[in-house]
Amino acid sequence: MNGPRFRLPLLPPEVVPLDGEDADRVTKELDGRFSTPQDCPTCGGSKQFRWYTHAGLEVDGPCSRGVMSPVPVDRLISALPATEIGWFDCPCEDQWESLRYMMGAGVGLHDQKLSLSDLVSDEPRQALWRYSEHFKEYIRAGTGMLMYGSNGNGKTMAAVLLAKDLLSQGVKAYFTTYAQLIQTAFASYQSEEAKEWYYQKVRGAHLLVIDDVGKELRMGMQRDISNVAVHLIDDVLRHRYSAGLPTVVTTNELLVGLAAGYGSGVLSLMSENMITFNFTGGDWRTKARARFDAEVDQGLTRPIVFR
């Protein structure tokens, strides 16, 4: 452990401790895991971890390493050489708060550890840049994004990183798969409490990200379930369109498939109020798997990050 030590950038001021129903939901979902900052989701209580130095700032050193304030995503990615490895002092409290904050916004632990340096192909970068560069204008205009294309080419990663980036800048975003959205909507029929939470947190999110729309159609779900899915996407998109709330949708379906599965009205809503981005690249998941395996072999630990 000789040589300089590093620290992660400071937690964005917009990230505040959860309270009330959100805190209770996250605690229940964790089911005893990471119950305190001492049970740190990153270092496990050891107070240190090894990771790429591009992600941090040198302790007691100049602030030339890392990024301490929001900058355009394209400039940030271009300055991320993931080569040098160093020891980090773990900010356990920040990591614990980040875990709970992002879980409260629907972002799971695996996705919490994805960073901009994981964008290994151009299409996810371009989709992310296009929206994040002018997100304030897009959100004010109620404009979302539709990302479509084949499996494994980075649509979900781009959507996750967009949600995390905007969460760190104070946007009340919520990330969900469409299958989860269906389950959440069903639960809202069972109790007033669940209904209120669904309308406020999910349906009324300032930015809603719905991942993998159309999966229930491809899986051949029972007809009554698929009918609910068709009605739900129409209801959610029409509500958000009327309220001026942007929605980001990812799907493996081609546009003609969306029209066939959900109706031309749904496709019209998407086309009118979303930036459309077609992903045509190949499946990068094998490379991503190899990268994760290499990190384990080197004894590296991915921290929870917003960018």
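The values are calculated or read from the model by the stated rules, or taken from the named source; none is laboratory data. This one's a predicted model, so the numbers in the text were calculated from it and none came from an experiment. Methodologically, a virtual Cβ is constructed for each residue, glycine included, from the backbone with ideal geometry; neighbour enumeration extends over all protein chains shown.
Quick one: how many residues across segment 161-193 are in a helix (DSSP H, G or I) and not basic (Lys, Arg)? Total satisfying the criteria: 20. Residue check: residue 256 meets all listed conditions (1) among the β-branched types (Val, Ile, Thr); (2) over 23 Å from the mean Cα position of the chain (by Cα); (3) at pLDDT 85 or above but one, namely (3). Residues that are closer than 24 Å to residue 258 by Cβ and β-branched (Val, Ile, Thr) within segment 147-202 comprise 156, 160, 176, 177, 182, 184, 202, listed in sequence order. Considering segment 104-160, the qualifying helices (runs of 4 or more DSSP H), each wholly inside and each with 2 or more residues that are farther than 19 Å from residue 42 by Cα, run over 122-132, 135-141. Within segment 1-28, residues that are more than 20 Å from residue 172 (Cα to Cα) reach partners that are among the charged types (D, E, K, R) and modelled with pLDDT of 95 or more with beta carbons closer than 7 Å, at six or more positions or on different chains, in the pairs 5/89; 7/89. Counting only residues that are of a type in the set (Val, Ile, Thr) and either over 20 Å from residue 205 (Cα atoms) or exposed (fewer than 14 other Cβ atoms within 10 Å of the Cβ) (or both), segment 1-39 holds 3 of them. Quick one: would you say residue 72 is out of contact with any Phe, Trp or Tyr (no Cβ under 7 Å at 6 or more places or on another chain), within 20 Å of residue 247 (Cβ to Cβ), at pLDDT below 95 and of a type outside the set (Asp, Glu)? Against the criterion (out of contact with any Phe, Trp or Tyr (no Cβ under 7 Å at 6 or more places or on another chain), within 20 Å of residue 247 (Cβ to Cβ), at pLDDT below 95 and of a type outside the set (Asp, Glu)), residue 72 does not qualify. Of everything in segment 276-290 that's over 18 Å from residue 257 (Cα atoms) and of a type in the set (A, V, I, L, M, F, W, C), which residue is surrounded by the fewest Cβ atoms within 10 Å (Cβ to Cβ)? Checking each candidate, the answer is 290. The set of residues in segment 291-307 that are of a type in the set (D, E, K, R) and either surrounded by 21 or more Cβ atoms within 10 Å (Cβ to Cβ) or touching a helix residue (DSSP H, G or I) at 6+ places or on another chain (Cβ under 6 Å) (or both) contains only 307.
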